[in-house]
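Reviewing the structure listed below.
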Amino acid sequence: MSGTDTVDRTPDAEPSRTADSKPARAEATSAERASAAGQAGNLAAGQAGNLAAGQAGNLAAGQAGNPAAEPARKPGGEPARTAPATAADRSPEPGRAPEPGGTPAPVFSVRNLWKVFGHRPDRVPGSDLAELTPEELREKAGCTVAVRDVSFDVRPGEVFVVMGLSGSGKSTLVRCLTRLIEPTSGSIAIDGEDVRSMDKNALRELRRHRAAMVFQHFGLLPHRTVLDNVAYGLEIQGMAKAERRARAAEMVDKVGLAGMEARRPGQLSGGQQQRVGLARALAADPEVLLFDEPFSALDPLIRRDMQEEVVRLHRDEGRTMVFITHDLSEALRIGDRIALMRGGRVVQCGTPEEIVGSPADDYVRDFVQDVPREQVLTVRRAMRPATLGEARGDTGPTVTAGTTVAEAIDVVARDGKPARVLDGDRCVGIVDFKCLLNVVAGLDGPQRGGRLEKAAA
């Protein structure tokens, strides 16, 4: 996938498709403007734009991508320009209208979403065709289901990770959120607004100011400096030069590239180039960042650095993020919640501890079997009830209920005594060596093949 897949389309039209994508070439300023005229959506959300005419839509579904549409123009032929939205222009997260029960309304709400590629795809959802295997569906109807009846909410301020193997539908799913790929059926809402009913101007606004995308390939303009690459989307929006360069400089510093503003992309490492792409996405201050496997092409050490950068940015800003990955360790490290996909379906959605500790089926269990459980599961899963004397005790080691088993093992090993588990000032349980090692060995519950019951028998 190229660096910044950006398209506009009318609500009722499927995009035209091209067979392959070509990388951007360094051109003169006039060519640059021609490329800019073909950009929409995520370009102005701080993305440097995909200068290629066609993008690969979803490798799993074997689909070609979408050529960028012409942005709206003034009568004189100049591209119409709009001022970038800022956080002040949007309702702040604390002011988000609550749902019944007092919880904030979701940023993204997806219900019964389908994406089917092929001839007359709308006949598949809800019909007998939907029950066929992928092979039978291709043979009988000439269709491929990439996303199958998916529902989830993305909560304000969380990192929601969608993960799965190649062909699971995760990249198609994230592109459906902003209609870079047109869904076949189902509903998508952002802040309660129906995305599927948006016209091309509303979609452009969504992609420019509310949801910015960071792709696996960086899509940097090779003849522009780091600073100008970061500022490029703001330039397309029509922001004044001094203002956009000041904003770009702020983002360059935020992602740890201060002092490299004058370098060209060819003078940067892969990790540094991806930081430029991240800074570009942040420049327009979007409400949601969408990451489509942004670190999968990086070396392991650089990938870990970039994961830490995402964690740091989320900790500092609390921005809502949707993160696509095929790497389980990356999902566990970054995600507040994880949706695990297989064959276009979400087979389990939950916290990292729920995914590892209580897998929904054999597929999920096989997926997580090599995860170091002690680094994911917390002492809530390991603790035993406290006796009256233990609960009233005020000496000895203590841990909080959110402490991982690995951290608790260190505490108990150093002190040589069981540790009280505290929720605030209240003792809610006790962890000792036996409790903790049961978790490490997978003897803490029936989800590990019933070994706890067998051991007890």
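The values are calculated or read from the model by the stated rules, or taken from the named source; none is laboratory data. Treat the numbers as computed from the prediction; the structure is a model and nothing was measured. Backbone-built Cβ (ideal geometry, glycine too); neighbour counts: all protein chains shown.
Among the residues of segment 293-323, which ones are in contact with a Phe, Trp or Tyr (Cβ under 6 Å, 6 or more places away or on another chain) and at pLDDT 90 or above?
Taking segment 293-323 and keeping what is in contact with a Phe, Trp or Tyr (Cβ under 6 Å, 6 or more places away or on another chain), we get 303, 306, 322-323.
Matches in segment 293-323: Val322, Phe323.
Considered as a group, the residues in segment 246-282 that are among the polar types (S, T, N, Q) and under 20 Å from Pro300 (Cα atoms) include one that is surrounded by the fewest Cβ atoms within 10 Å (Cβ to Cβ), and that residue is Ser269. Here the helices (runs of 4 or more DSSP H) wholly within segment 123-215 that include at least 2 residues being of a type in the set (Asp, Glu) are 134-141.
Look through Leu278, Leu206, Leu289 and report the one residue that is aliphatic (A, V, I, L, M) and at pLDDT below 90.
Leu278
All of (1) under 16 Å from Glu374 (Cβ atoms); (2) at pLDDT below 90 hold for Thr404 with one exception: (2). Among the residues making up segment 283-297, those that are surrounded by 24 or more Cβ atoms within 10 Å (Cβ to Cβ) and touching a Gly at 6+ places or on another chain (Cβ under 9 Å) are Ala283, Ala284, Pro286, Pro294, Phe295.
Mind checking which residues of segment 288-303 are touching a His at 6+ places or on another chain (Cβ under 8 Å) and among the charged types (D, E, K, R)? Can you show your working first?
First pass over segment 288-303, keeping only residues touching a His at 6+ places or on another chain (Cβ under 8 Å): 293, 296-297.
Within segment 288-303, just Glu293 meets the criteria.
When Glu243 is tested against (1) surrounded by 20 or more Cβ atoms within 10 Å (Cβ to Cβ); (2) acidic (Asp, Glu); (3) at negative phi, exactly one condition is not met: (1).
Out of segment 361-374, which residues are in a helix (DSSP H, G or I), touching a residue at least 12 places away in the same chain (Cβ under 8 Å) and over 21 Å from the mean Cα position of the chain (by Cα)? Reasoning before the result, please.
So in segment 361-374, the residues in a helix (DSSP H, G or I) come out as 362-368, 373-374.
Narrowing further to those that are touching a residue at least 12 places away in the same chain (Cβ under 8 Å): 363-365, 367-368, 373-374.
Scanning segment 361-374 gives Tyr363, Arg365, Arg373, Glu374.
Taking the criterion of being within 20 Å of Leu340 (Cα to Cα) and at pLDDT 95 or above, the residues of segment 110-143 that qualify are Val110, Arg111, Asn112, Leu113, Trp114, Lys115, Val116.
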